[in-house]
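Structure, as C-alpha cells:
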Amino acid sequence: MATPLTDSDKRKQISVRGIAGLGDVSEVRKSFNRHLHFTLVKDRNVSTPRDYYFALAHTVRDHLVGRWIRTQQYYYEKDPKRIYYLSLEFYMGRTLQNTMLNLGLQHACDEAVYQLGLDMEELEEIEEDAGLGNGGLGRLAACFLDSMATLGLAAYGYGIRYEFGIFNQRIMNGWQVEEADDWLRYGNPWEKARPEFMLPVHFYGRVEQTAEGSKWVDTQIVLAMPYDTPVPGYKNNTVNTMRLWSAKAPNDFNLQEFNVGDYIEAVLDRNLAENISRVLYPNDNFFEGKELRLKQEYFVVAATLQDIIRRFKSSKFGCRDPVRTAFDSFPDKVAIQLNDTHPALAIPELMRILVDIEKLDWDKAWDVTKRTCAYTNHTVLPEALERWPVHLFEKLLPRHLQIIYAINQKHLDEVAALYPGDFDRLRRMSIIEEGDCKRINMAHLCVIGSHAVNGVARIHSEIVKNTVFKDFYDLESTKFQNKTNGITPRRWLMLCNPGLADIIAEKIGEDFVTDLSQLKKLLDFVDDESFVHDIAKVKQENKLKFSAYLEEQYKVKINPSSMFDVQVKRIHEYKRQLLNCLHIIAIYNRIKKEPSKSVVPRTIMIGGKAAPGYHMAKMIIKLITSVGSIVNSDPVVGDRLKVIFLENYRVSLAEKVIPASDLSQQISTAGTEASGTGNMKFMLNGALTIGTMDGANVEMAEEAGEENLFIFGMRVEDVEALDKKGYNAKDYYDRIPELRQAINQMRDGHFSPREPDLFKDLVDMLMNHDRFKVFADYEAYIKCQEKVDQLYMNPREWTKKVIKNIACSGKFSSDRTISEYATEIWGVEPSAVKIPPPNIPRE
C-alpha cells in the first residue's frame with residue numbers, strides 16, 4: 001500500500017503551484033521573526049518549539065486585530081440588533097489552524113513555516129485545547145460562534161473563563177484517573193484582558209423594602225474581569241467576540257470591617273471569591289446542586305447583563321430615542337439565547353435591573369424580558385434538570401427569590417383563570433416544587449420567561465412538546481419550535497479532513513464551504529468510478545495516518561485495512577457503550593469458537609470521559625479496557641479484532657479520529673439523545689452510521705435514505721410500550737445464548753481473572769435496573785452489525801453509500817441552524833456583506 005504524502009511533500013507541491021502569494025509569505029516570515037525575537041522575551045539564545053508556536057500564533061493574531069476592531073466599529077455605526085449567546089460552556093479546542101483557515105492565511109503560513117525549516121503540524125500540536133466544555137452542549141456553542149460570524153451576525157458569546165477546563169483523562173491499570181487541565185500554564189495568545197470593563201457582581205445580603213421599592217443591601221462583591229477572544233467568520237472580514245468572565249476579589253475584600261486585625265488572613269481569603277471561575281463542573285447530563293455552581297451561574301449572568309445594558313445605552317440608537325421610554329426598544333436591539341437552563345438566572349436578573357434599578361413597572365419589565373429571552377432545551381433526562389433548593393437562593397440571591405416567587409404567582413394566576421379548580425395542573429406547572437426540600441425548577445422558569453423555546457432535533461422537540469413541557473405547550477403552543485443542531489464545516493471538514501475537502505472542491509467548486517447544501521451535487525458522481533476510487537483513497541490515507549498516531553501513542557500495531565469502528569462521546573449509561581461492549585465480546589467468542597472461520601477484521605475504538613463521581617460510567621471504562629486487554633493479547637484472535645480505548649478524548653483528538661473512521665456508532669436508547677452532533681461529523685467525513693432512531697439520526701436517515709444507514713432497534717413508541725408492559729432483562733438473558741454467555745463471563749471474572757467480582761455491579765445493573773434497556777436492542781444490534789460486515793466486504797458498494805451520506809449531510813451545517821435561529825427566533829437576517837478589510841480605508 002502506498003504511504004500517503006508527508007505534509008512537507010504536500011507543502012512543496014503548494015509551493016510549486018504558487019498558491020501562496022509571495023508577498024504574503026515574506027510578510028508572514030518577517031512578522032514571525034519579529035515576534036520570535038521581540039515579543040517573546042527570553043533569557044536564552046536557543047528557541048524551543050513552543051517559542052515557534054507562540055511566534056506563529058502572534059503573527060496570525062496580528063491579521064485578526066485590524067478586522068476585529070473594524071467589525072466592532074461597523075456594529076457601533078450600523079447599530080444592528082445584537083445577539084447574545086449565554087452559555088456556561090464553550091468547548092473551543094485549538095484556535096491556530098481555524099484562524100488561519102477562516103482568514104485565508106493557511107497556504108501563506110504553511111509555506112513560510114516550511115521555508116523556515118519548521119514543521120507546521122508539530123507547531124499545531126503544541127497548542128493546548130481550550131477545553132471549557134463537557135461535550136455536545138459546549139461544542140455546539142463553539143460551532144454556533146463560528147457560524148454567527150460567518151453569517152455576519154452581530155453576535156457575542158458570553159461565558160466563564162475557567163482556569164481549569166475539563167480534566168485530562170489518564171487510564172491507569174484500565175481505570176480513569178483525572179488530572180487538572182492547567183491550560184493557561186504557558187499563557188493564551190488568543191485572549192485579550194479588558195480590565196477597563198471590569199464589573200461588580202453581588203452575592204448574599206438581604207432585601208430592604210423602601211419607599212422607592214426593593215433594595216438588595218449588605219451584599220458581598222466579586223469583580224468580573226472580561227477576557228475577549230476574537231471569533232473570525234469565514235473569509236468575510238467579520239470578527240466577533242467571545243467574552244469570558246474571570247472572578248477577582250475587590251482590593252478591600254474582607255478588609256472592610258476595620259480592625260479585623262488579621263490582614264494576612266484577609267488577603268488569603270481573596271481565593272474564596274476567585275474560586276468562582278476556578279474550574280468547570282465536569283458533569284454531562286447530570287445536575288449537581290452545589291452552591292459554587294449556582295454562584296458560577298449567577299456570576300456569568302450578572303456580569304453579562306450589565307455589559308449588554310451598557311452597550312445598549314451607549315449605542316447611538318439607545319441614546320437618541322426621543323419617542324419611547326429607554327427600554328421599549330430593548331427587545332428590538334437585543335436577543336438573549338439561553339444555552340440550556342444554566343444561564344436561566346438571566347430572566348430574574350433582567351427583571352431585577354428593570355424594576356429595581358431602571359424603575360420600570362412590573363408588567364412593562366416582564367414584557368421586555370420575555371421578548372428578549374429565548375431558551376434552548378438540551379435534554380429530557382430527569383437527572384439532568386436543574387432544580388435548586390430554595391434555601392440556597394434565600395442565602396445567596398434573596399432578591400432573585402422574591403422575583404421568582406412573583407413571576408410564579410402571576411403565572412399560576414393565569415393558569416388558574418384558564419383551568420379553574422385544576423390544582424394538579426397548578427402543581428405540575430409551578431416554578432416552585434413543594435416537598436421535603438422546596439426547589440426551583442429552572443426549566444419552568446425558562447419556559448415562562450422566554451418568547452421561544454426550542455429542542456435540538458425534530459424528534460426531541462416533539463418529546464419536549466408532548467411530555468416534558470406538555471402543560472406549557474397546551475397553554476402557548478406557538479412558543480415551541482425545533483432547531484436541529486449542526487456543525488461547522490470549516491473545522492469539521494476543511495480543517496480536519498483537507499484531503500476530502502480537496503476532492504469535493506475538484507468536483508463541485510468551493511462554494512459548499514459556506515453553503516453545505518451544495519454537497520447534493522455529489523450525487524451525480526455516485527457511479528463515477530474515479531471519484532469512488534478517490535473517496536476510498538482519501539479514507540485509506542486518513543486511516544494510515546491515524547494508525548501511525550495510535551502506534552506512537554499506544555504502542556499497539558493496527559491493521560489499517562481493518563474496519564475502523566468508532567464510538568466516541570461522553571461515557572453514560574444512556575449512550576450504551578455497554579451494548580458496543582457486548583458486541584465486542586460476541587465477536588471474540590465467535591472467533592474463539594471457530595478460529596478458522598473468516599471474519600471481517602475490525603479495530604474497535606471507544607473513547608470518552610466519565611464524570612468523576614459517576615461510578616457506573618467509570619466501571620464501563622474499566623470493562624472496555626479489561627475486555628481489550630484479553631482480546632488484544634489472544635494469539636488466536638490476532639489482528640482480526642483489536643479493542644482500543646482512546647484516552648483523553650477531546651476536540652483535537654476528534655479532529656484526528658473522525659476522518660479515519662469507517663463506522664460511527666450512535667446507539668442510545670430511542671428518546672434519550674436530544675440530538676447528537678458527533679453523528680453529523682462522522683457522516684460529513686465519510687463514515688457510515690449504525691444507530692437507533694434517536695436524536696438527529698432520524699433526520700440523517702431521512703436525508704440520506706434509511707437504506708444508506710444501518711438503523712436498528714426500538715423506536716420511541718416501542719420503548720414506551722415496553723415501559724408499559726415492564727422491561728424484564730432476564731427474558732432476554734434466558735432466550736439469547738450468546739448474550740447469556742457474555743454476561744456470565746462478565747459475572748464470573750473471565751475479563752478480570754484477578755478480581756472475579758469486579759463487574760458484579762455492572763451485571764446487577766444490566767439484569768435488574770437498566771433504565772436504558774440494553775438487552776432489548778441486543779439481537780437487532782448484532783444482526784445489524786452482520787449487515788455492516790457484509791457491506792464492508794464489498795468496498796465499492798460501501799464507498800457508494802459513503803458518497804451518498806456525504807452528499808446528504810448538507811442539512812447538518814450549523815450555518816443552516818443559525819440561519820433558522822436568526823430569522824425565526826432572533827428576528828435578524830444573515831448578511832453576506834463583506835466588511836472592508838483593514839488595509840482598505842473606510843468611506
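The values are calculated or read from the model by the stated rules, or taken from the named source; none is laboratory data. Nothing here was measured: the structure is a model prediction, and the numbers come from that model. In this analysis, Cβ positions are derived from the backbone assuming ideal geometry, glycine residues included, and neighbour counts consider all displayed protein chains. Ligands, DNA and RNA are stripped out before the accessible areas are found, and what is left, the full protein with its side chains, is counted by its heavy atoms. Shrake-Rupley method; radii C 1.70, N 1.55, O 1.52, S 1.80 Å.
Could you give every pair whose Cβ atoms fall below 9 Å, whose first residue belongs to region 98-123 and is touching a residue at least 24 places away in the same chain (Cβ under 8 Å) and polar (S, T, N, Q), and whose second residue is part of a helix (DSSP H, G or I) and open to solvent by 40 Å² or more (accessible area, probe 1.4 Å), counting only separations of at least 6 or pairs across chains?
Thr99/Arg61; Thr99/His63; Gln115/Ser15; Gln115/Arg29
Yes/no per residue for (1) at pLDDT below 90; (2) within 30 Å of Tyr649 (Cβ to Cβ); (3) open to solvent by less than 60 Å² (accessible area, probe 1.4 Å):
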residue	(1), (2), (3)
Val28	no, no, yes
Phe32	no, no, yes
Leu36	no, no, yes
Arg44	yes, no, no
Leu56	no, yes, yes
Thr59	no, no, yes
Ile69	no, no, no
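Let's see how each residue does on (1) in contact (Cβ under 8 Å) with a residue 24 or more places away in the chain; (2) assigned to a loop (DSSP other than H, G, I, E, B); (3) of a type outside the set (Phe, Trp, Tyr); (4) closer than 22 Å to Leu64 by Cα:
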{"site": "Ile221", "(1), (2), (3), (4)": "yes, no, yes, no"}
{"site": "Asn240", "(1), (2), (3), (4)": "yes, no, yes, yes"}
{"site": "Ala247", "(1), (2), (3), (4)": "yes, no, yes, no"}
{"site": "Pro250", "(1), (2), (3), (4)": "yes, yes, yes, no"}
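Of the residues in region 788-821, how many are acidic (Asp, Glu), open to solvent by 40 Å² or more (accessible area, probe 1.4 Å) and touching a helix residue (DSSP H, G or I) at 6+ places or on another chain (Cβ under 7 Å)?
1
Mind listing whichever residues of region 417-464 are touching a strand residue (DSSP E or B) at 6+ places or on another chain (Cβ under 7 Å) and either at pLDDT below 95 or open to solvent by 40 Å² or more (accessible area, probe 1.4 Å) (or both)?
Correct list: Glu433, Cys437, Lys438, Arg439, His451, Arg458.
Can you tell me which residue in region 710-736 is least open to solvent (accessible area, probe 1.4 Å), limited to those that are assigned to a helix (DSSP H, G or I) and under 26 Å from Lys622 (Cβ atoms)? Quick ask: steps written out before the conclusion?
To start, the set of residues in region 710-736 that are assigned to a helix (DSSP H, G or I) comprises 716-725, 729-735.
Cutting the leftovers down to under 26 Å from Lys622 (Cβ atoms) gives us 729-730, 732-733.
Values: Ala729: 3, Lys730: 98, Tyr732: 39, Tyr733: 30 Å².
Among those that are assigned to a helix (DSSP H, G or I) and under 26 Å from Lys622 (Cβ atoms), it is Ala729.
So Asp527 fits all but one of (1) among the acidic types (Asp, Glu); (2) within 29 Å of Ser561 (Cβ to Cβ); (3) part of a helix (DSSP H, G or I); what number is the exception?
(3)
Give Ile83, Ile69 a once-over and let me know the one that is under 27 Å from Tyr234 (Cα atoms), of a type in the set (A, V, I, L, M) and outside any helix (DSSP H, G or I). Let's see the steps before the verdict.
Working: Ile69 fails: outside any helix (DSSP H, G or I).
Residue meeting the stated conditions: Ile83.
Only one of Val239, Val207, Val217, Val201 is open to solvent by less than 10 Å² (accessible area, probe 1.4 Å) and farther than 30 Å from Pro830 by Cβ. Can you tell me which?
Details: Val239 fails: farther than 30 Å from Pro830 by Cβ; Val207 fails: open to solvent by less than 10 Å² (accessible area, probe 1.4 Å); Val217 fails: open to solvent by less than 10 Å² (accessible area, probe 1.4 Å).
One residue alone meets the criteria, Val201.
To keep it simple, each residue is scored yes or no on (1) assigned to a strand (DSSP E or B); (2) within 18 Å of Val763 (Cα to Cα).
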residue: Lys597; (1), (2): no, no
residue: Ile606; (1), (2): yes, no
residue: Lys609; (1), (2): no, no
residue: Pro612; (1), (2): no, no
residue: Lys618; (1), (2): no, yes
residue: Lys622; (1), (2): no, yes
residue: Val627; (1), (2): no, yes
residue: Ile630; (1), (2): no, no
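Any idea which of Ala108, Ala112 is at negative phi, out of contact with any Lys or Arg (no Cβ under 9 Å at 6 or more places or on another chain) and open to solvent by less than 20 Å² (accessible area, probe 1.4 Å)?
Ala108
Only one residue in Leu762, Leu739 is surrounded by 15 or more Cβ atoms within 10 Å (Cβ to Cβ) and under 29 Å from the mean Cα position of the chain (by Cα), so which one is that?
On the way: Leu739 fails: under 29 Å from the mean Cα position of the chain (by Cα).
None of the others qualify; the one that does is Leu762.
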